[in-house]
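Contents: one structure, followed by commentary.
The values are calculated or read from the model by the stated rules, or taken from the named source; none is laboratory data. Only a predicted model underlies this, so the values are computations on that prediction, with no experimental measurement involved. FYI the Cβ positions are ideal-geometry reconstructions off the backbone, even for glycines, and counts take in every protein chain you see. Note: areas computed on protein heavy atoms with side chains; ligands, DNA, RNA excluded. Shrake-Rupley method; radii C 1.70, N 1.55, O 1.52, S 1.80 Å.
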Amino acid sequence: MFLCSCDQCRQITGSAFASNLFIAAERFEWLSGSNEIAAYKMPRRNISKSFCRVCGSGVPWASGDGSRMVVPAGSLCAEPKVAEKFRTFVSEQPSWSSCLDQVEACEGLPP
Ligand SMILES: [Zn+2]
């Protein structure tokens with residue numbers, strides 16, 4: 001799993017970083033709903049954003065050369081069985097996300 005802070009991943013996710021798993025395309029199979037997927041291809045770095053037209057959830061997308069599927073970790077219904085392996089493009093990490101462990105944590109919304 002990569003946690004990517006590149007400008008494109010931040011913009012396409014609207015978050016501090018993208019959390020993506022990678023799997024060989026031949027090992028990936030859609031079980032249902034693939035006809036409801038819409039995609040946007042970013043002009044730089046071969047990044048795409050695919051999402052479900054019905055619920056808006058981010059869904060897997062094919063890498064630029066089609067050899068891998070990029071799976072947004074947050075779209076999974078269960079915890080992935082892999083750990084974060086790399087933080088990528090850290091020089092593009094926004095300053096507001098560099099000290100998350102120092103931000104007050106709440107179980108729900110703040111009081
Ligand atoms: Zn990125």
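Tell me which of these Ala38 doesn't satisfy, since it passes every other one: (1) on the phi < 0 side of the Ramachandran plot; (2) out of contact with any helix residue (DSSP H, G or I) (no Cβ under 7 Å at 6 or more places or on another chain); (3) within 11 Å of the ligand (Cβ to nearest atom).
Tallying (1) on the phi < 0 side of the Ramachandran plot; (2) out of contact with any helix residue (DSSP H, G or I) (no Cβ under 7 Å at 6 or more places or on another chain); (3) within 11 Å of the ligand (Cβ to nearest atom), Ala38 fails exactly one: (3).
Give me a count of the residues in the stretch 11-29 that are among the small types (Gly, Ala, Ser) and surrounded by fewer than 11 Cβ atoms within 10 Å (Cβ to Cβ).
The total comes to 2.
When both residues are 6+ apart or on different chains and their Cβ atoms are under 9 Å apart, which pairs have a first residue that lies in the stretch 21-32 and is touching a residue at least 40 places away in the same chain (Cβ under 8 Å), and a second that is part of a strand (DSSP E or B) and not hydrophobic (A, V, I, L, M, F, W, C)?
Leu21/Pro72; Phe22/Arg68; Ile23/Arg68; Ala24/Arg68; Ala25/Arg68; Phe28/Arg68
Is there any pair linking a residue in the stretch 88-111 that is at positive phi to one that is modelled with pLDDT of 85 or more, with Cβ under 7 Å and at least six apart or on different chains, and which?
Here the result reads Phe89/Cys4; Phe89/Ser5; Phe89/Cys6, each pair linking the stretch 88-111 to a residue that is modelled with pLDDT of 85 or more.
Please determine whether any residue of the stretch 30-46 is at pLDDT below 95, open to solvent by less than 100 Å² (accessible area, probe 1.4 Å) and touching a strand residue (DSSP E or B) at 6+ places or on another chain (Cβ under 6 Å).
yes
Are any residues in the stretch 1-29 in contact with a Pro (Cβ under 8 Å, 6 or more places away or on another chain) and farther than 20 Å from Lys85 by Cα, and if so, which ones?
Hit for the stretch 1-29 is Phe28, nothing else.
Restricting attention to the stretch 66-111, report how many residues are over 14 Å from Ser19 (Cβ atoms), within 16 Å of the ligand (Cβ to nearest atom) and open to solvent by 50 Å² or more (accessible area, probe 1.4 Å).
Final tally of qualifying residues: 3.
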